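Peer 1: Below is the structure I would like to discuss, written out as structure tokens.
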Amino acid sequence: MKKTSLFLFLLLITCSGAQDEIVDSQDSSDNIVKDTIVAEVTPTDATEDNESENTKSSDSCSAKTEVHKCHYIAVEYDKPQKDFSQEIVVATDVPQTVIDEYYEIHSMLNDIIGAYNRYVTVVTTTNEFSQPVFDKLKEIHWDQELNIIDGYLVGAGCLTGSGMWQVFPPDPYSLCIMDYEFIEYPHETREWGSPLLERRAVIYHGWAHEYFHRYQRAFHYELNMGNLDSVDTPVWWIEGAAIVFPNIWLNQSWQNITLFEGSSFDDVNVEGINLDEWYKNAKKAAQGQSHPDDRCNNYMFSKLDISYDTSGFCFIGIANAYLAYLTSYEVVWVDIPKDIYELSFEGSFKKHTNMTTDEFFDKFNSFMREGDPNDPPPDGFFPDKPISEVVNFFKYADA
Ligand SMILES: [Zn+2]
């Protein structure tokens, strides 16, 4: 994503209170975080072989001279693992509680989505204390300068990637580089004086969002999700499916989180986890009835919502919930991604929804303009049972 456009977008989100909040970014003018886009890492000469890495490839794969799907299959990038597989490495002055919270949240996510490997979160502070992070980054082929300037590691991103083009065969990692200041005070929460529970709810929501991207990438293998030159997977699905997931998950699960014991919903009500309010606010905007400076007033979903560079980022989460309402959450989160690699996104979408995306956009735009925006969502718009009871994320795991 172009840094300027994302920054503009973040500004707009911040100023307008738009309905779909993107929580990928450590919101700072000099540390705009790339989300899902790894294309900015220039592919290096793929024929530069690294003999020692070849043992990771299967026999048929070892003869390949270019990056291939088989390289990703060989390291089980596409398969949920039996055990906890995420990694977190922190600067030596980051409190243990951050690690404990990370394990707790990701264990909950694994129970629903599955445990995907090669997902590494690092938390930096200063150069003095961040050597373990630097060591880890070196190990996983991060090739940028290991230097923290004004609180941010050079090139930091979440989600970003490494090992996809820096070495051959690829040794791919999905990588979330955060700074500890962001974990304590995500987005503008320091300025707003937001209480701890709200700040942590934002982080947990963000962790779920980013991990969902790791799950989405599993189906793309060597294709570069988020780069339309590589695959047609559109931003409205990449980001939208990854927004509606943590909204529903946190809405259903916040009471099971240790830190939130004894709290009320209002204490943790961040992002779109109040699903009915999230829905109503989107409908109000679609009907031009949001507050006057809401840039999403009267926004029409269209082909512009395919690209990170042109999307208005209005209603992308709600659009995925609506698609699930027309089909099912399993279609949106499991069936569509399953066939992207073989059929393209458009082909998979058609196969599983019996619509083209253009037809879907028309239906969605009409739906958003129907009825009173203060009406609650129709029955079945959001799941009335736990996610794991309505969606089988392991459906194709053994295929
Ligand atoms: Zn995202």
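Values quoted throughout were computed directly from the atomic coordinates according to the rules given, and no laboratory measurement underlies them. Predicted model, so just to flag it, every value in this text is computed and none were measured. FYI the Cβ positions are ideal-geometry reconstructions off the backbone, even for glycines, and counts take in every protein chain you see.
Peer 1: Taking trypsin sites (Lys or Arg not before Pro) as candidate sites, keep only those in a DSSP loop with at most 14 other Cβ atoms within 10 Å, then name the longest stretch of the chain containing none of them. Numbers along the way, then the final one.
Peer 2: Working: sites that count: K2, K82, R369, K395.
Answer from the scan: 83-368.
Peer 1: Using Cα pairs under 8 angstrom and six or more residues apart, how large is the relative contact order of the chain, in percent?
Peer 2: Working: 615 pairs, mean separation 72.8, N = 399.
With pairs under 8 Å counted, the relative contact order is 18 percent.
Peer 1: Let me ask something additional. Hey, what number do you get for the chain at 222 nm if only DSSP H runs of n ≥ 4 count, each worth -39500 (n - 2.57), divided across all residues, to the nearest 500? Don't jump to the answer; show the numbers that get you there.
Peer 2: Working: 15 runs with 163 residues, N = 399.
Helices in the chain give a 222 nm mean residue ellipticity of -12500 deg cm²/dmol.
Peer 1: Fewest to most neighbouring Cβ within 10 Å: what's the order for M300, M178? Each step should come with its number before you reach the end.
Peer 2: Numbers: M300 16, M178 27.
Listed from fewest to most nearby Cβ atoms, that is M300, M178.
Peer 1: Here's something else I'd like to know. Quick one: net charge of T97's neighbours, Cβ under 14 Å, K/R +1, D/E -1? Provide the component values of the computation, followed by the final result.
Peer 2: Numbers: positive: R199, R200; negative: D93, D100, E101, E104, E184.
Around T97, the charge tally is -3.
Peer 1: Using the Cα centre as the reference, give the magnitude of the dipole from point charges on the C-beta atoms of region 235-390 (Lys, Arg: +1; Asp, Glu: -1; all else neutral), rounded to the nearest 20 debye. Intermediate values should be presented prior to the final figure.
Peer 2: On the way: 11 positive and 25 negative charges, 64 e Å.
So the dipole magnitude of region 235-390 works out to roughly 300 debye.
Peer 1: Just for the chain, what percent of DSSP beta bridges are antiparallel, to the closest 5?
Peer 2: On the way: 6 of 16 bridges.
That works out to approximately 40 percent antiparallel.
Peer 1: Right, something else. So for region 235-390, averaging the separation of alpha carbon pairs under 8 Å that are six or more residues apart and normalising by length, what relative contact order in percent results?
Peer 2: Numbers: 160 pairs, mean separation 46.1, N = 156.
Relative contact order, region 235-390: 30 percent.
Peer 1: Would you mind checking K363/K395; K82/K338; K69/K350 for any pair whose Cα atoms are more than 26 angstrom apart?
Peer 2: On the way: K363/K395 28 Å; K82/K338 20 Å; K69/K350 24 Å.
Distance filter (> 26 Å) returns K363/K395.
Peer 1: Report Rg (one decimal) and Dmax (nearest whole number) for region 219-309, counting Cα atoms only, units Å.
Peer 2: When restricted to Cα atoms, region 219-309 yields Rg and Dmax of 16.8, 49 Å.
Peer 1: Listing E87, E370 from the residue with the fewest other Cβ atoms within 10 Å to the one with the most, what is the order? If you can, show how the numbers build up before the last one.
Peer 2: Numbers: E87 17, E370 11.
Ascending Cβ contact count within 10 Å gives the list E370, E87.
Peer 1: If you place +1 on the Cβ of every Lys and Arg and -1 on the Cβ of every Asp and Glu, how big does the dipole about the Cα centre of the chain come out, in debye to the nearest 20? Walk me through the intermediate numbers first.
Peer 2: Working: 28 positive and 66 negative charges, 159 e Å.
Dipole magnitude for the chain comes out near 760 debye.
Peer 1: Same structure again: When the chain is fully extended, how far beyond the present Cα-Cα distance does I149 get from D384, taking 0.36 nm per residue of separation?
Peer 2: Details: separation 235, 0.36 × 235 = 84.60 nm, distance 4.65 nm.
Separation in residues times 0.36 nm, less the Cα-Cα distance, equals 79.9 nm.
Peer 1: Is the shape of region 75-178 rounded, prolate or oblate, going by the alpha carbon gyration tensor and its root eigenvalues a ≥ b ≥ c, with a/c under 1.5 for rounded and a/b larger than b/c for prolate? Write out the running numbers ahead of the final one.
Peer 2: On the way: a/c = 2.43, a/b = 1.20, b/c = 2.03.
Oblate, because a/c is 1.5 or more while a/b does not exceed b/c.
Peer 1: Moving to a separate point now. With θ set to phi - 60°, apply the Karplus curve 6.51 cos²θ - 1.76 cosθ + 1.60 along region 261-267 and write out the HN-Hα couplings as whole Hz, x wherever there is a Gly or Pro.
Peer 2: In residue order, the calculated couplings are 4, x, 8, 9, 4, 4, 5 Hz.
Peer 1: Exactly which chymotrypsin sites (Phe, Trp or Tyr not before Pro) in region 67-172 are in a DSSP loop and have at most 15 other Cβ atoms within 10 Å? Display every interim value, and only then the final one.
Peer 2: Numbers: sites: Y72, Y77, F84, Y102, Y103, Y116, Y119, F129, F134, W142, Y152, W165; in loops: Y77, F84, Y116, F129, W142, W165.
Sites meeting the loop and neighbour criteria: F84.
Peer 1: Who wins for biggest fluctuation among H220, H352, H187 in a Gaussian network model of the chain, springs between alpha carbons below 10 Å?
Peer 2: H352
Peer 1: Using the alpha carbons of the chain, what is the convex hull volume per residue in cubic angstrom, as a whole number? The partial results should precede the final answer.
Peer 2: On the way: hull volume 54.9 nm³, N = 399.
Hull volume over Cα atoms, normalised by residue count, gives 138 Å³.
Peer 1: Let me ask something additional. Mind sorting E145, E76 by how few other Cβ atoms lie within 10 Å of their own Cβ, fewest first?
Peer 2: Fewest to most other Cβ atoms nearby, the residues stand as E145, E76.
Peer 1: Quick check on region 235-390: take the gyration tensor over C-alpha atoms, sort the square-rooted eigenvalues as a ≥ b ≥ c, and tell me if it's rounded (a/c under 1.5), prolate or oblate. Before the final figure, lay out each step's value.
Peer 2: Values: a/c = 1.80, a/b = 1.19, b/c = 1.52.
Because a/c hits 1.5 or more and a/b fails to exceed b/c, region 235-390 counts as oblate.
Peer 1: Give the long-range amide H neighbours of V90: residues separated by 5 or more places, or on another chain, with amide H under 5 Å away, using H modelled in the peptide plane at 1.01 Å from N.
Peer 2: Distant-sequence amide H within range of V90: V123.
Peer 1: Once phi is turned into ³J(HN,Hα) by the Karplus curve 6.51 cos²θ - 1.76 cosθ + 1.60 with θ = phi - 60°, what whole-Hz value does each residue of region 300-317 show in order, with x for glycine and proline?
Peer 2: Couplings: 9, 5, 7, 4, 4, 7, 7, 10, 4, 7, 10, 5, x, 6, 9, 6, 5, x Hz.
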